[in-house]
1. Filter segment 210-222 for residues that are surrounded by fewer than 17 Cβ atoms within 10 Å (Cβ to Cβ) and among the charged types (D, E, K, R); which is farthest from SER131 (Cα to Cα)?
2. So which of TYR76, TYR59 is closer than 30 Å to GLY220 by Cβ and hydroxyl-bearing (Ser, Thr, Tyr)?
3. Based on what the data block shows, is ARG50 in contact (Cβ under 8 Å) with a residue 60 or more places away in the chain and over 22 Å from VAL10 (Cβ atoms)?
4. Just for segment 143-168: of the residues that are in a helix (DSSP H, G or I) and among the small types (Gly, Ala, Ser), which one is modelled with the highest pLDDT?
5. Which pairs turn up if I take residues in segment 149-163 that are closer than 9 Å to GLY185 by Cα and look for partners that are of a type in the set (Asp, Glu) and not in a helix (DSSP H, G or I) with beta carbon separation below 9 Å, at least 6 apart in sequence or on another chain?
6. Go through the residues of segment 127-135 one by one and say whether even a single one is in contact (Cβ under 8 Å) with a residue 40 or more places away in the chain, crowded, with 16+ Cβ neighbours inside 10 Å, in contact with a strand residue (DSSP E or B) (Cβ under 6 Å, 6 or more places away or on another chain) and part of a helix (DSSP H, G or I).
7. Could you list, in sequence order, all residues of segment 191-201 that are farther than 18 Å from ALA154 by Cβ and buried (at least 19 other Cβ atoms within 10 Å of the Cβ)?
Amino acid sequence: MSAHGGGRLVILSGPSCVGKSPLAKALARFHPDLSAKLQPIVLFNSRSPRPGERDGEAYHFRAREQIERLRDQERYVVMDVRGDLQALVLEDLSALLTRGDAFFEGNPFIGLTLRTHPNLRDVRRLGVFLSPLSREEILFLRDQARVSLPDLVADVMRRKLVRRATRQKTHLSLKDLEEIERRAGSAYRELKEAHHFEYVIPNHDGEDSDAWEAFSYPLGDSRRAFLAVVALLRGEGPSGVEKWEKDLLP
């Protein structure tokens with residue numbers, strides 16, 4: 001696959017509930033000119049829709065068995081994502097790039113595939129990874145506090161995921177809690193992939209935070225992360241971004 005029309009592949013990735021979705025919504029709200037240029041990549045997904053998600057917009061929701069059968073077709077890239085199956089249609093991505101910039105907002109498993117897939121090697125890319133911890137925090141926790149980083153990251157994300165889920169549902173089922181635990185337990189492994197991305201943006205205001213939408217404009221870390229992404233899309237030098245080394249996380 002070539003870039004064809006010269007479109008750029010913009011990747012916004014990070015662990016579940018780190019703040020990717022509200023950042024994309026803020027972009028559409030406050031900078032519709034930039035948002036309109038980003039054509040969303042719609043994947044196939046075996047999980048059930050969340051409240052507010054529509055088939056064909058957030059994902060193409062299909063039965064797991066249907067997505068499993070796509071593995072035998074070269075035009076699909078099928079991946080296991082925290083227990084769910086997701087599939088990327090390479091031809092659809094090529095068509096988006098012909099018309100302009102393509103935008104992926106989602107998990108690091110797909111994000112990493114978009115960064116490294118051989119069929120995409122000629123495509124211009126902008127890879128951004130949202131992290132719930134900064135590089136300085138990780139170094140302190142790793143070298144001085146000597147805490148278990150996998151356990152701490154899981155606890156940080158578990159709290160965010162629980163708060164998000166309780167906003168979406170009045171009562172959480174056992175299945176909901178198991179899903180939360182699966183996503184929280186996967187977060188550390190996902191953070192270890194951040195070094196593959198050009199830019200890492202620390203953001204403590206996850207999807208559960210009021211800082212994104214409760215006020216007239218994003219505040220705190222959500223504002224800093226949002227402004228950094230806006231600067232990157234404009235080709236400007238952003239502040240507050242990091243580049244992580246491969247061995248930052250043991």
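1. Residues of segment 210-222 that are surrounded by fewer than 17 Cβ atoms within 10 Å (Cβ to Cβ), as a first pass: 210, 213-217, 219-220.
So of that shortlist, the ones also among the charged types (D, E, K, R) come out as 210, 213.
Values: ASP210: 18, GLU213: 20 Å.
Among them, the one singled out is GLU213.
2. TYR59
3. On the way: in contact (Cβ under 8 Å) with a residue 60 or more places away in the chain: yes; over 22 Å from VAL10 (Cβ atoms): yes.
Yes; evaluated as a whole, the condition is true for this residue.
4. Within segment 143-168, the subset in a helix (DSSP H, G or I) is 143-145, 149-168.
Okay, now just the ones that are also among the small types (Gly, Ala, Ser), so 145, 154, 165.
On the way: ALA145: 95, ALA154: 98, ALA165: 94.
Across segment 143-168, the extreme among qualifying residues is ALA154.
5. Once the first residue is closer than 9 Å to GLY185 by Cα and sits in segment 149-163, no partner that is of a type in the set (Asp, Glu) and not in a helix (DSSP H, G or I) comes close enough.
6. Narrowing segment 127-135 to residues in contact (Cβ under 8 Å) with a residue 40 or more places away in the chain: 127-135.
With the extra rule that they be crowded, with 16+ Cβ neighbours inside 10 Å, the set shrinks to 127-135.
Right, trim to in contact with a strand residue (DSSP E or B) (Cβ under 6 Å, 6 or more places away or on another chain) and you get 127-131, 134-135.
Within this subset, residues satisfying the condition of being part of a helix (DSSP H, G or I) are 135.
There is at least one residue in segment 127-135 that is in contact (Cβ under 8 Å) with a residue 40 or more places away in the chain, crowded, with 16+ Cβ neighbours inside 10 Å, in contact with a strand residue (DSSP E or B) (Cβ under 6 Å, 6 or more places away or on another chain) and part of a helix (DSSP H, G or I).
7. Step one: list which residues in segment 191-201 are farther than 18 Å from ALA154 by Cβ, which gives 195-201.
Within segment 191-201, PHE197, TYR199, VAL200, ILE201 qualify.
To keep it simple, each residue is scored yes or no on (1) at negative phi; (2) within 17 Å of the chain's Cα centre (by Cα); (3) of a type in the set (Phe, Trp, Tyr).
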site	(1), (2), (3)
PHE44	yes, yes, yes
ALA63	yes, no, no
ARG69	yes, no, no
GLN73	yes, no, no
VAL81	yes, yes, no
LEU85	yes, yes, no
GLU91	yes, no, no
LEU97	yes, no, no
ASN107	yes, yes, no
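The values are calculated or read from the model by the stated rules, or taken from the named source; none is laboratory data. Here the structure is a predicted model, which is why all the values come from computation and not from measurement. For neighbour counting, all protein chains shown are included, and Cβ atoms are generated from backbone atoms with ideal geometry for every residue, glycine included.
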